[in-house]
Structure formats: structure tokens, C-alpha cells
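The values are calculated or read from the model by the stated rules, or taken from the named source; none is laboratory data. Bear in mind the structure is a predicted one, so any value in this text is a computation, not a measurement. Here the Cβ is made from the backbone with ideal geometry for all residues, glycine too, and neighbour counts use every protein chain on show. Areas reflect the complete protein model, heavy atoms only, side chains present, ligands, DNA and RNA absent. Shrake-Rupley method; radii C 1.70, N 1.55, O 1.52, S 1.80 Å.
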Amino acid sequence: TPEGWEGRGTGSEERRCSSLTADRSGSTWPRAAGGPGSSGPTELSRLSHGDLYRLSVTDPDRFWGSAAADRLRWAEPFHRVRDCDLSSGRIGWFLGGKLNVSVNCLDVHVEKHPDRVALIWERDEPGTEVKVTYRELLETTCRLANALKSHGINKGDRVAIYMSVSPLAVAAMLACVRIGAVHTVVFAGFSSDALAGRIQDAGCKAVITFNEGVRGGRVIQLKAMVDAAVKTCPSVQHVFVCQRTETPAVMGERDVRLEEPAVCAPEPLDSEDLLFLLYTSGSTGKPKGVVHTQAGYLLYASLTHQYVFDYRDGDVFGCVADVGWITGHSYVVYGPLCNGATTVLFESTPVYPNPGRYWETVERLRISQFYGAPTALRLLLKYGESWVKKYDRSSLRTLGSVGEPINHEAWHWFHSVVGEGRCPLVDTWWQTETGGVCIAPRPADEGAPIVPAMAMRPFFGIQPVLMGEKGEPLSGNDITGALCISQPWPGIARSIYGDHQRFVDAYFKPYPGFYFSGDGAYRSEDGFYQITGRMDDVINVSGHRLGTAEIEDALDEHPAVPETAVIGIPHDIKGEVPFAFVVLKEDLSDDAPAVLQQLRDLVATKIAKYAVPEHFLVVTRLPKTRSGKIMRRILRKVAMETTEDLGDVSTLDDPSVVKEIIEAHEEYRKQREEEKKKK
Ligand code: WTA
């Protein structure tokens with residue numbers, strides 16, 4: 001143990017939160033909560049989930065204070081559980097406390113079981129998995145941390161991580177954490193322009209990457225992408241290069257190969273020091289750097305990981321998300337590692353080398369929890385059941401779904417074919433901004449059967465509120481409204497990097513005093529929640545969140561394109577796909593096919609390939625109100641061919657535009673059908 005670091009199961013009560021120990025006597029929850037593998041008393045099992053939930057909302061200070069004291073190791077105890085004022089976006093948890101997240105994710109487990117497997121790296125090539133123990137992961141983390149330090153990276157500095165899913169990516173995250181640097185992982189599918197934008201916004205001092213990445217049998221030139229990105233990033237002093245493949249990287253002046261000693265003392269950090277930034281899409285063109293801090297985020301990730309997935313000591317936890325998304329942060333890295341779990345890093349794709357990949361992996365690694373996205377399930381169910389049934393899935397206990405609404409067909413296929421009707425399937429609703437799962441069934445909650453395709457119940461401490469059109473909280477059941485949350489919880493984001501006002505405006509202004517999620521939801525007769533989808537201009541393509549405004553911004557850069565409007569339309573596998581309405585400069589309309597190809601390339605280089613619109617419709621103008629606002633409702637109806645009822649079009653500047661667009665779409669549809677026939 002690093003000197004001065006105590007807590008969690010060591011019995012050193014004074015070093016825990018002394019102000020809270022006093023009023024614990026009557027409750028069985030606080031002491032019992034020591035997390036999976038805790039050697040403390042286990043009276044927790046005596047409190048029903050209902051009682052835990054009630055305690056979490058009636059006495060949040062006590063609930064969260066006790067959970068933080070018992071589940072986390074502190075260098076210094078906190079003196080105040082929370083200080084929050086949602087209307088101004090001020091959110092603070094566990095104030096005065098100092099800790100280090102990497103100590104909680106590594107050192108505490110190395111003390112108890114150094115040789116327990118922390119990571120199973122399911123490499124792209126099936127059957128070549130690599131196991132990394134807690135001891136090894138700590139060593140690698142320390143080496144990287146020392147390399148960062150010796151190159152002048154200090155507490156508070158931002159570091160971009162542009163790596164494919166791998167133990168080194170996890171170690172890179174934890175190395176930043178160890179020295180108090182702030183990581184921002186950029187999904188390796190993003191273009192070098194998108195990477196550069198994030199590096200600039202965060203002012204990153206360094207980038208950590210691989211020479212190359214591998215996915216689905218294809219090689220991705222990560223280092224070359226970084227080289228292109230950093231050309232426009234003067235803040236970057238060093239690029240640290242790790243090897244994923246044999247091919248040596250071309251090294252330049254600021255590039256550093258990694259080799260350092262394996263011990264690095266952790267930096268004690270304030271509960272509210274920055275832990276990481278993660279860029280995500282909102283309703284404007286510029287992605288926002290969502291800020292998460294140390295203790296609250298970690299506690300919430302660890303508690304939800306245990307309860308939502310019914311995680312138990314010895315399980316092999318399989319979340320197949322990429323570490324570039326929040327799901328990868330909370331349920332590949334931080335939640336599982338904090339709980340001392342063995343967590344799977346899935347580098348490949350669901351169909352490489354064939355559509356049995358997930359289930360073959362489940363059999364080979366003996367996975368207990370399988371957590372993935374509906375888009376992959378919708379793809380796989382088209383291939384038939386034999387790809388699933390071929391493999392032994394008896395190790396599975398819980399199934400989970402995340403990122404987008406799960407349709408009934410996918411839910412039932414996952415539940416009955418994959419899980420043989422034997423494993424609870426949890427539909428988990430949450431967001432980059434919420435840090436961890438907020439609404440989901442809890443499988444260990446006996447007596448609460450799971451309703452198919454519903455996120456159902458709020459997690460401990462979460463109080464959902466549905467808002468009506470006039471901004472009023474709706475009471476009663478069997479209603480639909482804007483999904484808000486009325487009380488802060490430890491995992492909620494703290495800010496948007498460099499723009500706190502945007503944070504306040506986006507989340508706390510629409511319904512003063514409440515967190516607004518941007519999603520709509522339905523509350524059933526039984527009081528359970530079902531998410532109905534985004535209420536803003538954010539769409540969800542293959543489980544990846546995208547702002548339509550971001551795509552429009554990329555398209556608008558083309559000199560021949562005065563104006564565009566992008567909307568999302570349903571797609572049977574991807575969930576949604578972008579549909580672009582494009583106005584071309586008049587003299588260019590003959591070259592339309594060439595321009596459209598340039599537009600596709602533009603989106604791929606500005607954002608990512610998955611953001612390229614599936615449909616382009618050239619129109620002469622867009623439907624606008626007299627005040628100049630594009631009426632997207634009309635565009636949606638045209639794209640989905642539901643124009644019988646257009647609703648009120650009286651505020652349109654010139655209603656004849658509607659007919660024009662419908663005709664253009666009709667023409668486009670015919671063309672596509674002919675093309676299909678030819679194929
Ligand atoms: C959507 C992903 C329906 C939702 C963890 C949310 C869901 C956005 C669900 C956040 C679900 C996530 N059912 N919709 N179970 N889970 N969403 O930030 O629209 O990448 O606002 O976080 O995904 O996406 P993000």
C-alpha cells in the first residue's frame with residue numbers, strides 16, 4: 001500500500017468519514033456495503049432493494065456518504081457528502097476528501113489478490129486472448145505514468161488517448177489518473193480532423209496512441225492519423241507511441257517510445273478534481289467535452305456495475321463497448337476494476353470472422369455478464385440461431401443492452417435465443433452525462449419481474465420526473481413527457497469543459513432545478529419507465545450518438561452547398577441513419593453526383609465514416625418559417641413518406657416548398673428502386 005492510503009476493509013475507521021460514522025449505528029446498509037469481495041459484514045442482503053432505494057432518496061447524504069466511505073479507499077476522508085445547486089449547475093460530492101482512482105482500481109486489489117485476472121483482452125484474431133493480472137496492470141500503469149511524468153505531464157494536464165481497445169489503452173487511462181492528468185479518450189473510428197478538434201478544445205499536452213490498430217481483420221493507421229491531427233495542435237508537446245502490431249511506427253521529434261520503471265506513487269487528488277473529459281454530441285455543431293470528476297463518478301460506476309448486472313466476485317464481466325465511449329469508461333474500465341472484477345476488452349467486431357464471434361467468445365472466456373448494443377443484436381439475429389446455439393453459453397448470468405431503444409424483436413431474441421430464457425436481460429438507460437446507469441431493472445431484486453424492452457426502474461438515488469409541454473411535472477401513470485431527474489447523484493457530469501454556461505443552459509435551464517436528459521419517456525400503468533427517444537437534434541447511429549448539426553456543419557463547408565438540413569430516420573439495423581437535404585448552387589446542379597460524393601468524403605474526414613448520411617436529397621430550398629427556422633418536422637415526414645398529415649404549415653414562409661420537396665423525394669425514391677433492381 002502506498003503510504004497513508006487506507007480504507008476499504010482495513011478496519012481503520014478513523015480514516016474513513018468520521019462525521020458519518022456517528023450516525024451509522026441504526027442502519028444495516030452503511031457497513032454492509034463494502035462492495036463485492038468486501039470482508040465486512042453482509043447485512044446488506046437483509047435490506048431489500050426497495051428499502052435501499054427509499055433510503056437513497058429520503059436520506060441521500062447518509063446513503064451516499066456511507067457508500068463512499070465503505071466502498072472507496074481515501075487518502076483523506078471527506079467532510080461533506082454533497083454541495084449541489086442544480087439551477088446554477090454547481091455540483092460537488094465528497095468534499096474535502098482525497099483519493100486516487102487508480103489506487104481504488106488497482107492497488108487495493110493487488111494487496112488482496114495480485115494474480116487475479118483484471119483484463120482479458122479478446123484480440124481481433126479469435127483464440128489469441130491475452131490475460132493481464134491486477135499486478136501486471138498496476139505495473140504497466142506505473143510505467144506509463146512515469147513516462148508521462150518524466151516528459152513533463154503534470155496534474156491537471158489534458159492527455160488525449162487515441163487507441164483501440166487493449167490493455168495498454170486501459171493502462172494509459174489509469175496512468176493519467178495516477179498522476180492526476182485528465183484523459184480524453186477519442187474513439188479510434190474518428191477522423192484526424194475530429195481528433196484535432198477535441199485535442200484543441202481540451203488543450204491537450206500529449207497524445208497516447210498505437211503504431212497501428214486492428215479491427216475486423218483490417219489495419220487502422222492510428223499513428224499516421226495522430227501525425228495529421230497534431231499538425232494543427234500547437235498544445236501537443238509529445239506523442240507517446242505503443243506497439244499493437246509488428247510494423248515499426250515512423251517516429252518524429254516529439255514522439256516517445258515507452259519504457260520506464262514499474263513503480264509510481266499515486267497522486268492524492270481532491271474528490272472534485274477532474275478525472276476525464278469525454279466528447280459527445282449535442283444539438284449544436286461543436287461536440288461538448290463532458291467533465292467527470294474523481295470520487296462521485298467512481299462510486300457511481302462501481303455501485304451500478306454491481307447492482308445492475310448482479311456482478312459477483314469471480315465473474316468474468318463482458319462489456320463489448322469500445323473504450324472510446326462512456327460505456328467503455330464506466331463498464332469496461334472503472335466500474336469493473338473498482339470492484340476487482342475480471343473485465344473483457346473486446347477489440348473485434350460482432351461478425352469477424354463470422355457472426356458467431358460474440359458467443360464463441362462467451363464460451364471460450366466463460367463470460368458471466370454480456371453487455372452490448374441493440375444494433376449488433378439486430379444485425380446478428382438476421383443470421384439465424386445456429387450461430388448462437390453452436391456455442392456453450394451456460395456461463396452467462398445477466399444480459400444487458402445499452403445506447404438506444406431496444407425493440408421487442410431484438411429483446412426477445414437476446415433473451416430467449418442467447419440467454420435461453422434463463423438470464424435476466426437488463427435494458428439500461430443512461431448517458432455520457434449521467435456517468436452510469438440511471439434507469440434499469442435490477443436482476444437481484446427478487447419479486448420484481450422484468451418487463452420486456454423497458455428500462456423500468458430508477459437506480460438508487462435517481463428520481464425521474466416527466467415534464468409536460470408547459471414545463472410542469474406530470475403526476476400519475478400511463479403518460480409521456482420529457483425525462484428529467486430531480487436530485488443530483490454522484491455520477492452526474494460536473495461541467496462542459498471550458499464552457500460551464502453551456503452546461504447550465506443545456507441541462508438545467510429547460511426545467512429549472514431539474515436535470516434534463518434530452519430524452520422523452522413513458523411511465524406505464526405500473527410506474528415503470530420506457531425511453532421513447534431523443535427530443536432534440538441528436539440521433540443515434542449504430543448506438544453512436546451524433547448531432548445532426550455536426551453533420552450539417554461538415555456539409556456546409558463545401559463551397560457548392562449554401563444550405564443543408566440533416567435529420568435522422570429509422571433503419572432496421574443501425575437504429576437510425578442520417579438523411580441529408582442539400583441545396584446546391586444553381587449552376588452546379590448538373591454536377592450533383594460528383595458534389596454528393598465530395599460531401600460524403602467531407603463528412604468522413606471531418607467526423608467519421610459512420611456519420612456519412614445514408615441518403616442525400618438535392619432540393620432547391622428548405623422549408624422555413626417566416627422567422628427563418630427550418631421546419632424539420634416536415635423534412636422528417638417527407639423522408640419517412642408520411643406526408644398525408646403534415647400538421648400546421650401555416651407558419652411556413654412559402655408553403656409551396658413542401659410540394660417541391662415531396663416531388664423531389666418521389667423522384668429520388670424511384671431512382672433508388674431502379675438502382676436496386678439493376679443490382
Ligand atoms: C440513448 C450511452 C433508449 C438516449 C450510454 C440517450 C437509450 C443517449 C438507452 C445517450 C436505452 C441510451 N434506451 N435509449 N436503454 N441508453 N440511450 O451519451 O437517447 O452515448 O440520451 O450514452 O443514448 O448516449 P451516450
Checklist outcome for this item: Of the listed residues (PHE309, PHE317), the one being open to solvent by less than 10 Å² (accessible area, probe 1.4 Å), more than 23 Å from ALA171 (Cβ to Cβ), in contact with a strand residue (DSSP E or B) (Cβ under 6 Å, 6 or more places away or on another chain) and modelled with pLDDT of 95 or more is PHE309
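Check GLU563, GLU557, GLU586, GLU576 and return the single one that is more than 15 Å from the ligand (Cβ to nearest atom) and either in contact with a strand residue (DSSP E or B) (Cβ under 6 Å, 6 or more places away or on another chain) or among the hydroxyl-bearing types (Ser, Thr, Tyr) (or both).
Values: GLU557 fails: either in contact with a strand residue (DSSP E or B) (Cβ under 6 Å, 6 or more places away or on another chain) or among the hydroxyl-bearing types (Ser, Thr, Tyr) (or both); GLU586 fails: either in contact with a strand residue (DSSP E or B) (Cβ under 6 Å, 6 or more places away or on another chain) or among the hydroxyl-bearing types (Ser, Thr, Tyr) (or both); GLU576 fails: more than 15 Å from the ligand (Cβ to nearest atom).
Result: GLU563 is the single residue among GLU563, GLU557, GLU586, GLU576 that is more than 15 Å from the ligand (Cβ to nearest atom) and either in contact with a strand residue (DSSP E or B) (Cβ under 6 Å, 6 or more places away or on another chain) or among the hydroxyl-bearing types (Ser, Thr, Tyr) (or both).
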Item to check | Hits in region 384-417 (condition: in contact with a strand residue (DSSP E or B) (Cβ under 8 Å, 6 or more places away or on another chain) and either over 28 Å from VAL538 (Cβ atoms) or not aliphatic (A, V, I, L, M) (or both)) | outcome: SER395, LEU396, ARG397, THR398, GLY400, SER401, GLY403, GLU404, PRO405, TRP411, PHE414, HIS415
Checklist entry - Are any of the residues in region 421-428 surrounded by fewer than 19 Cβ atoms within 10 Å (Cβ to Cβ), away from the ligand (no atom under 16 Å from the Cβ) and farther than 30 Å from ALA493 by Cα? => result yes
Checklist outcome for this item: Among residues of region 320-334 being β-branched (Val, Ile, Thr) and assigned to a loop (DSSP other than H, G, I, E, B), the residue most open to solvent (accessible area, probe 1.4 Å) is VAL320
Next on the checklist: If TYR358 satisfies all but one of (1) open to solvent by less than 50 Å² (accessible area, probe 1.4 Å); (2) within 30 Å of LEU277 (Cβ to Cβ), what's the number of the condition it fails?
Outcome noted: (2)
Checklist outcome for this item: Residue count, region 224-273, condition in a strand (DSSP E or B) and of a type in the set (A, V, I, L, M), comes to 4
Next on the checklist: Scan region 531-547 and tell me whether some residue there is more than 13 Å from the ligand (Cβ to nearest atom), open to solvent by 30 Å² or more (accessible area, probe 1.4 Å) and touching a residue at least 12 places away in the same chain (Cβ under 8 Å).
Outcome noted: no
Next on the checklist: Return the residues of region 637-662 that are in a helix (DSSP H, G or I), surrounded by 12 or more Cβ atoms within 10 Å (Cβ to Cβ) and out of contact with any His (no Cβ under 8 Å at 6 or more places or on another chain); say none if nothing qualifies.
Outcome noted: LYS637, VAL657, VAL658, GLU660, ILE661, ILE662
Item to check | Residues of region 512-530 satisfying the condition of being within 16 Å of the ligand (Cβ to nearest atom) and either without any contact (Cβ under 8 Å) to a residue 12 or more places away in the chain or within 12 Å of SER88 (Cα to Cα) (or both) | outcome: PHE514, TYR515
Checklist entry - In region 214-223, is there at least one residue being in a loop (DSSP other than H, G, I, E, B) and out of contact with any strand residue (DSSP E or B) (no Cβ under 9 Å at 6 or more places or on another chain)? => result yes
Checklist entry - Would you pick out the residues in region 62-101 that are of a type in the set (S, T, N, Q), farther than 22 Å from TYR307 by Cα and buried (at least 20 other Cβ atoms within 10 Å of the Cβ)? => result ASN100
Next on the checklist: Six or more apart or on different chains, Cβ atoms under 6 Å: show the pairs whose first residue is in region 635-650 and within 17 Å of ILE569 (Cβ to Cβ) and whose second is aliphatic (A, V, I, L, M) and open to solvent by 40 Å² or more (accessible area, probe 1.4 Å).
Outcome noted: VAL638/ILE662; THR643/ILE662
Checklist outcome for this item: Condition set under 26 Å from the mean Cα position of the chain (by Cα) and open to solvent by 10 Å² or more (accessible area, probe 1.4 Å), scope region 569-588, selection farthest from LEU635 (Cα to Cα): answer is ILE573
Checklist entry - Where residues in region 524-537 are modelled with pLDDT under 95, assigned to a strand (DSSP E or B) and not basic (Lys, Arg), which of them is farthest from LEU474 (Cα to Cα)? => result GLY533
Checklist entry - Of the residues that make up region 589-605, is at least one open to solvent by 40 Å² or more (accessible area, probe 1.4 Å) and assigned to a loop (DSSP other than H, G, I, E, B)? => result no
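Could you tell me how many of the residues in region 370-408 are away from the ligand (no atom under 16 Å from the Cβ), open to solvent by less than 10 Å² (accessible area, probe 1.4 Å) and closer than 15 Å to GLY318 by Cα? Talk me through it step by step, then tell me what you get.
Initially, region 370-408 is screened for residues away from the ligand (no atom under 16 Å from the Cβ), giving 379-397.
From what is left, the residues that are open to solvent by less than 10 Å² (accessible area, probe 1.4 Å) are 380, 388, 396.
Next, from what is left, pick out any that are closer than 15 Å to GLY318 by Cα: 396.
Within region 370-408, residues that are away from the ligand (no atom under 16 Å from the Cβ), open to solvent by less than 10 Å² (accessible area, probe 1.4 Å) and closer than 15 Å to GLY318 by Cα number 1.
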Checklist outcome for this item: Restricted to region 474-511 and to residues being within 15 Å of the ligand (Cβ to nearest atom) and open to solvent by 40 Å² or more (accessible area, probe 1.4 Å), the residue nearest to VAL182 (Cα to Cα) is PRO510
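Residues of region 155-183 being of a type in the set (Val, Ile, Thr) and closer than 18 Å to LEU269 by Cα, which ones?
Keep residues of region 155-183 that are of a type in the set (Val, Ile, Thr), which gives 159, 161, 165, 170, 177, 179, 182.
VAL159, VAL177, ILE179, VAL182 - these are the residues of region 155-183 that are of a type in the set (Val, Ile, Thr) and closer than 18 Å to LEU269 by Cα.
Tell me, which helices (runs of 4 or more DSSP H) lie completely within region 335-420 with 2 or more residues that are among the aromatic types (Phe, Trp, Tyr) and at pLDDT below 95?
Ranges flagged: none.
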Checklist outcome for this item: ALA565 fails exactly one of (1) of a type in the set (A, V, I, L, M, F, W, C); (2) modelled with pLDDT of 95 or more; (3) more than 34 Å from the chain's Cα centre (by Cα), namely (3)
Checklist outcome for this item: Note on region 121-176: residues part of a strand (DSSP E or B) and either open to solvent by 50 Å² or more (accessible area, probe 1.4 Å) or not acidic (Asp, Glu) (or both) are TRP121, VAL130, LYS131, VAL132, THR133, ARG158, VAL159, ALA160, ILE161, TYR162
